[in-house]
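Please treat every number below as a calculation from the coordinates, not as lab data. Small disclaimer: the values here were computed from a predicted structure and weren't measured. In this analysis, Cβ positions are derived from the backbone assuming ideal geometry, glycine residues included, and neighbour counts consider all displayed protein chains.
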Amino acid sequence: MKLAIFKGFGFGLTSGVITTLGMIIGLYTTTESKYVVISGILSIAIADSVSDALGMHLSEESDTTKSSKHIWIATLFTFLSKFIITVSFIVPVLLFNLNLAILISIIWGDIFSLYL
């Protein structure tokens, strides 16, 4: 069971940081709009978290040696970790001007990257 948790958690965090930073920087560069950046973060948090969780589920299901419980735990932790890390990037955008929020988001992402 620990393996399923670590697998889902690690994948969700890594994917969440990389995808969200890419989206934030891209939207900021093209629009410089807080509302667009927040909308992008929310879109990633929902759609991409579901997509990654489904991908993890199908990947784990293809290994016939794994139990149903293991598969669902990996799926759940992939979704939750991706969703939570992605939503956490909204905080700096809400609290600071967009230029500073982007810089804080990059530092925030780097901090998570160091521990993965």
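In the set Leu42, Leu58, only one residue is surrounded by fewer than 18 Cβ atoms within 10 Å (Cβ to Cβ) and farther than 30 Å from Leu3 by Cβ; that residue is Leu42.
Among the residues of the range 1-19, those that are part of a helix (DSSP H, G or I) and surrounded by fewer than 14 Cβ atoms within 10 Å (Cβ to Cβ) comprise Lys2, Leu3, Phe6, Ile18. Of all residues in the range 93-116, those that are surrounded by 12 or more Cβ atoms within 10 Å (Cβ to Cβ) and not in a helix (DSSP H, G or I) total 1. Condition test on Phe96, is it in contact with a helix residue (DSSP H, G or I) (Cβ under 7 Å, 6 or more places away or on another chain) and free of Cβ contacts under 8 Å to residues at least 12 places away in the same chain? So Phe96 passes the test.
If you go through the range 20-39 and keep only what is of a type in the set (Val, Ile, Thr) and buried (at least 20 other Cβ atoms within 10 Å of the Cβ), you end up with Thr20, Ile24, Val37.
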